[in-house]
Amino acid sequence: MKKLINISLSEIKLNDLTKLKSETLIIGSYETKKINDITNIFDKKSKGVLKKLISREELSGSLGNILYLPNLEGTASEKVYFVGCGKKDKEINEQEFLSFSQKVSDAALQSKAKNVHIFIPSISVKNRSEEWNYKILARTLESNCYKYFFKGKKNQPKNNLTKVTLLKENEKKGLGAINKAMKVGHITGVGMNTSRDLANTPANICTPSYLASSAKKLSKSFPVIKTKVLGEKEMKKIGMDCLLSVGNGSAQESKFIIMEYYGAAKTKKPNIIVGKGITFDTGGISIKPSPAMDEMKYDMTGSASVMGTMRAIAEIKPKSNIIAVIAAAENMPSSTATKPGDVVKTLSGQTVEVLNTDAEGRLVLCDALTYVERFNPASVIDIATLTGACVVALGHEATGLLSNDQKLADNILNSGYASCDRAWQLPLWDCYQDALNSKYADIANIGGRAGTITAACFLSRFTKKYNWAHLDIAGTAYGGKVGKKSSGRPVPLLTEYLLSQK
Ligand code: BES
Ligand code: MN
Ligand code: ZN
């Protein structure tokens, strides 16, 4: 996915704001009952228009308040939007800043301009830096431009916005750090959009082969990423029978996708991300009920987020090694489908009794998790829409996190906090493991009451050789306040985590 907009940063003297010739100029102003430094500049040039607007309480400066002024006298820009920044020197929280960024981004789009300039005075957000503000604003600007409509070319909504210039008052300290944060935020937005585009694509188009060709396309645009794809024949040859058992009932060929990025010496241990890529989950023979079954097209969001993150990594080019793998299959019922009670062999050699064919995510992931042992990883994180139970436990706000290493878990929790894409940890205690005992195989694929935890217990049987964490994104991938569309999560968390690993 290409960048939808261009974002750059530039310095300006306050007094020059009225002289700037922009299609749309968005100006942040603090809450005040009187004219202040910034409004004064526009007031003077317009011979008192702003004073009047303030006295009529139309321009309040309260956080997120928007006032649109076309043809403001004395200002060279065509359209001017004033956006309230709240009380000067009053700390706001991150949630407030997120919705502020959203309002600014909406105004930029709604103005229908191609070129937009944005000047926001400094806003202090509790426990966050100024760099963070720019990171979030840039990310929101880009991700807000994304629209997915599958209605043919004619009905595509038009996005005029192509260029945003963020303006900052001249300061001695320079813009280096802010510029860097802004770029990371922007690319994270591009990564989110890449992920959303794949996840939103209907399952008759977004098949395992489609995921594979999307990965190949990405590495064609960004040769720093090398992509390899294994088909069913190759997987069979190395013994990934468990992954293959999930696609047995489908006419679509299962695929295993490996994307490698080397930003450091090859001897340096890589950080690995592993995505669940069930392009449609009917439940298989243990078929799901019909209502809302269409949502199971999002069951490949783990793999979409892995791809979106690699899109971001490809451009940021950190000095570390990162490998992404995707286990892609379609879970369908048919005469060739795996049946409840079937026993399959995993790549690790352990056997699995498939008591429920709807617990398929863990069956594709376990072979992927064994496969990545060969890379001698520094850490492995799998990302999966794994259990409905996770939505019950954490809703659509937090991603479920389970790990066999507390340091890794803490790093991920911190990255979730830093990127406002939060995860919450659940226990992975040994006492939950017994639920997976099987009479006919080494392990059963379901068991017990704590669905999210026992699913992670299943995976933990295949991750003993390295530091591993599991992200259950069943609730955060789509739905909730976002509605029935892909959220782009957890691309911000993953990007933040990978960039924090030196
Ligand atoms: N893809 C589903 C989990 C899911 C449910 C994701 C709702 C998003 C929203 C997964 O493959 C599944 O079916 N899990 C079962 C496991 C059960 C059979 C142990 C579930 O959660 O019901
Ligand atoms: Mn399922
Ligand atoms: Zn599933």
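Close Cβ contacts (under 6 Å, 6 or more residues apart or on different chains) running from residues in region 375-404 that are outside the structural domain of LYS269 (by TED's automatic domain parsing) to residues that are buried (at least 24 other Cβ atoms within 10 Å of the Cβ) are absent.
Here the strands (runs of 3 or more DSSP E) wholly within region 1-99 that include at least 3 residues being closer than 30 Å to GLY308 by Cα and touching a residue at least 60 places away in the same chain (Cβ under 8 Å) are 6-12. Those helices (runs of 4 or more DSSP H) of region 354-432 in which 1 or more residues are under 19 Å from the mean Cα position of the chain (by Cα), within 16 Å of ligand 1 (Cβ to nearest atom) and farther than 19 Å from GLU330 by Cβ occupy 388-394.
Among the residues of region 482-492, is there at least one that is closer than 30 Å to THR140 by Cα, away from ligand 1 (no atom under 16 Å from the Cβ) and in a strand (DSSP E or B)? Checked against the condition, which is being closer than 30 Å to THR140 by Cα, away from ligand 1 (no atom under 16 Å from the Cβ) and in a strand (DSSP E or B), region 482-492 yields no hits at all.
Scanning region 139-194 for residues that are assigned to a loop (DSSP other than H, G, I, E, B) and crowded, with 18+ Cβ neighbours inside 10 Å yields ASN144, CYS145, TYR146, LEU161. For THR301, the stated conditions hold: it is within 12 Å of ligand 3 (Cβ to nearest atom) and either polar (S, T, N, Q) or over 24 Å from GLY451 (Cβ atoms) (or both).
For ILE7, the conditions (1) in contact with a Lys or Arg (Cβ under 7 Å, 6 or more places away or on another chain); (2) crowded, with 18+ Cβ neighbours inside 10 Å all hold with the exception of (1). Pairing residues of region 289-313 that are closer than 15 Å to ALA203 by Cα with residues that are away from ligand 3 (no atom under 11 Å from the Cβ) and polar (S, T, N, Q), at Cβ distances under 6 Å and at least 6 apart in sequence or on separate chains, gives ALA304/SER195. Within region 254-269, count every residue that is more than 22 Å from the chain's Cα centre (by Cα) and crowded, with 18+ Cβ neighbours inside 10 Å. Qualifying residue count for the region: 2.
Just to be sure before I move on: is LYS44 charged (D, E, K, R) and under 17 Å from VAL80 (Cα atoms) in the structure I sent? Considered against the rule, which asks whether it is charged (D, E, K, R) and under 17 Å from VAL80 (Cα atoms), LYS44 comes out as yes.
Only residues that are more than 17 Å from VAL325 (Cβ to Cβ), out of contact with any helix residue (DSSP H, G or I) (no Cβ under 8 Å at 6 or more places or on another chain) and part of a helix (DSSP H, G or I) were counted in region 222-236, giving 1. Counting only residues that are more than 25 Å from ILE473 (Cα to Cα) and in contact with a Phe, Trp or Tyr (Cβ under 7 Å, 6 or more places away or on another chain), region 316-346 holds 1 of them. Answer yes if at least one residue in region 411-421 is surrounded by fewer than 19 Cβ atoms within 10 Å (Cβ to Cβ), among the hydroxyl-bearing types (Ser, Thr, Tyr) and without any contact (Cβ under 8 Å) to a residue 60 or more places away in the chain, and no otherwise. Yes, there is a match, as at least one residue in region 411-421 is surrounded by fewer than 19 Cβ atoms within 10 Å (Cβ to Cβ), among the hydroxyl-bearing types (Ser, Thr, Tyr) and without any contact (Cβ under 8 Å) to a residue 60 or more places away in the chain. The residue list MET300, MET296, MET310 contains one member that is at pLDDT 95 or above and within 11 Å of VAL325 (Cα to Cα), which is MET310. Within region 69-121, the set of residues being touching a helix residue (DSSP H, G or I) at 6+ places or on another chain (Cβ under 9 Å) and among the polar types (S, T, N, Q) comprises THR75, SER101, GLN102, SER105.
How about region 270-297: which of its residues are more than 17 Å from SER213 (Cα to Cα), more than 12 Å from ligand 2 (Cβ to nearest atom) and buried (at least 20 other Cβ atoms within 10 Å of the Cβ)? Those that are more than 17 Å from SER213 (Cα to Cα), more than 12 Å from ligand 2 (Cβ to nearest atom) and buried (at least 20 other Cβ atoms within 10 Å of the Cβ): PRO270, ASN271, ILE272, ILE273, VAL274, LYS297. A Cβ distance below 8 Å, combined with a sequence gap of six or more or placement on separate chains, defines the contacts here; from region 467-496, residues that are on the phi > 0 side of the Ramachandran plot reach residues that are among the β-branched types (Val, Ile, Thr) and part of a helix (DSSP H, G or I) in the pairs GLY479/VAL391. Residue-level check: of (1) over 25 Å from ALA199 (Cβ atoms); (2) part of a loop (DSSP other than H, G, I, E, B), ILE453 misses just (2).
The values are calculated or read from the model by the stated rules, or taken from the named source; none is laboratory data. Only a predicted model underlies this, so the values are computations on that prediction, with no experimental measurement involved. Note that we place each Cβ from the backbone using ideal geometry, even for glycine, and neighbour counts take in every protein chain shown.
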